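Take a look at the structure below.
The values are calculated or read from the model by the stated rules, or taken from the named source; none is laboratory data. These numbers were taken from a predicted model, which means no experiment stands behind them. Cβ placement follows ideal geometry from the backbone for every residue including glycine, while neighbour counts extend to all protein chains displayed.
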Amino acid sequence: MYLLSEKGRPCYVGRVGLTDRSRRAGKRFSNFQTRLKGHAAARHESGTYAYARTVRTLQRRGVELLGTRKENCADPEFMDEFRRQCERVRGMGCQAVVITDNRLSAVFEIYAAAALGLHHQTFAVS
């Protein structure tokens, strides 16, 4: 489990291990270092947290999004903001706690996000 925070404020809770993402990639377990790097990569198949931040930022500005993630990432305006958000995520603090049981880890991710007030977060629980 890991927590990304900005200026001491919790922003995102994530986990590594046996996740939907690692299964879809044909791997058994996701790696902590790879997962953190992936949050800050501005590609249509990566940057999960930065992508969500980008969508929320542009929606608040009244920008109409194109629909699919692939379509949004083909839009230069979207990608400019996506890169800015990836840079912001790279600058965040990170704390981790080891939970070796995958089921407990999945439940704790949801609990931690709720307890920290991260209501905008979505989960891919496996």
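Summary of values
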| read-out | value |
| --- | --- |
| Entirely in region 40-126, the helices (runs of 4 or more DSSP H) that have 3 or more residues that are in contact with a Gly (Cβ under 9 Å, 6 or more places away or on another chain) | 48-60, 76-90, 102-115 |
| Some residue of region 57-73 being exposed (fewer than 12 other Cβ atoms within 10 Å of the Cβ), under 16 Å from the mean Cα position of the chain (by Cα), of a type outside the set (Ser, Thr, Tyr) and modelled with pLDDT under 95 | no |
| Residue count, region 93-122 (criterion: in contact with a helix residue (DSSP H, G or I) (Cβ under 9 Å, 6 or more places away or on another chain) and touching a residue at least 40 places away in the same chain (Cβ under 8 Å)) | 8 |
| Unmet criterion (only one of (1) closer than 12 Å to GLY14 by Cβ; (2) in contact with a Cys (Cβ under 9 Å, 6 or more places away or on another chain); (3) not hydroxyl-bearing (Ser, Thr, Tyr)) for MET79 | (1) |
| Answer from THR68, THR54, THR100 - the residue that is in contact with a Lys or Arg (Cβ under 9 Å, 6 or more places away or on another chain) and more than 17 Å from ARG9 (Cα to Cα) | THR54 |
